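The values are calculated or read from the model by the stated rules, or taken from the named source; none is laboratory data. The structure presented is a predicted model; accordingly, all values stated were derived computationally and were not measured. Positions of Cβ are backbone-derived with ideal geometry, glycine not excepted, and every protein chain shown enters the neighbour counts.
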Amino acid sequence: MLKQRWLATFVALLIFAASWFAGVQLALAAEAEAEVSLGAGVNYTSGTYDGSATTHILTIPFTARYEREAWTLRAYLPYLRITGPGNVIPGIGPIGTVAALGNSVGLPLLGGSSASQPSSKTVSGMGDASVAATYMFYMADKTAGVGLTGRIKFSTGDETQALGTGSTDKGLQVEAFRRFGRNTLFGVAGYTFFGDSPIAQFQNVANFGLGASHRTDSDDLFGLTFDARQAGAPAPAALRELSAFWTHPIDRNWRMQVYALKGFATGSPDWGAGLNAAYAF
């Protein structure tokens, strides 16, 4: 399993690097027709996930993005530092492990007695990397559009430390937007297909999201989003989160975003906040 995880990490890093170098070359070749951006940030969440102990998650995400005409390509690789009882996977929530593997990987069984729960511990390392591609069908004036996104998540995180699911997962998502002057309404609906995991049984689940944003005269963007995911049996946990964000163009190349979120379901943190920045070529 360790060899497979390092291989998956290596492949994800290659894809991440290739997406950046290829994107830079394509952007230079296409001049203003394409844009490549690299980003990083600091995100923090805290929550009990319907349990008695609190899990704190610090995420440092590294992102690459390439946009040209109707296509958008994205790569994501997070570094995680998690302090808690060890049964919460970022983005998934609390899990119940396969009984035969529970002791060997050191993860607590969901719903176990307090005596069986481990004391709080801190783990850190790379999380699960992912790549995604979106093709958008625009109206003639580009005030509205419908897009289709495909996504693959690699098992680069150490599942024995709850840094990842231990499976290669795939997802499909339909998204749409409509602009009304400086205001935009948008929504998404998708479905995740989980691969086989050595630590838990994940059921394929649907998700959706709704949001609205407003762009100011100075090109700042303010918005609200609500994201939800159905619960699987036995995992993943249900997710419901309300987020507020502010995106600010620092100059011609640099952009920054600040956000805060509130969770309302077992698979969501109680609250979270973050600061992310990206440089566009």
Next item on the list: Check off (1) modelled with pLDDT under 95; (2) in contact with a Ser or Thr (Cβ under 9 Å, 6 or more places away or on another chain); (3) of a type in the set (Gly, Ala, Ser) for Gly211 and give me the number that stays unchecked.
Entry: (1)
Next item on the list: Answer with yes or no whether Pro94 is modelled with pLDDT under 90 and either closer than 19 Å to Ala235 by Cα or surrounded by 13 or more Cβ atoms within 10 Å (Cβ to Cβ) (or both).
Entry: no
Checklist line | Inter-residue pairs, beta-carbon under 8 Å, first of a type in the set (Ser, Thr, Tyr) and in region 162-177, second assigned to a strand (DSSP E or B) and buried (at least 19 other Cβ atoms within 10 Å of the Cβ), 6+ apart | finding: Thr165/Ile89; Thr165/Lys153; Thr165/Ala200; Thr165/Phe202; Ser167/Phe202; Thr168/Lys153
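What number of residues within region 231-242 satisfy the criterion of being surrounded by fewer than 18 Cβ atoms within 10 Å (Cβ to Cβ), under 15 Å from Phe193 (Cα atoms) and touching a strand residue (DSSP E or B) at 6+ places or on another chain (Cβ under 8 Å)?
2
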Notebook entry, point to check: How many residues, within region 123-166, are within 20 Å of Ala212 (Cβ to Cβ), of a type in the set (Ser, Thr, Tyr) and outside any strand (DSSP E or B)?
Noted result: 1
Notebook entry, point to check: Does region 119-147 hold any residues that are farther than 22 Å from Arg74 by Cβ and in contact (Cβ under 8 Å) with a residue 60 or more places away in the chain, and which are they?
Noted result: Ser120
Next item on the list: Check off (1) modelled with pLDDT under 95; (2) part of a strand (DSSP E or B) for Leu14 and give me the number that stays unchecked.
Entry: (2)
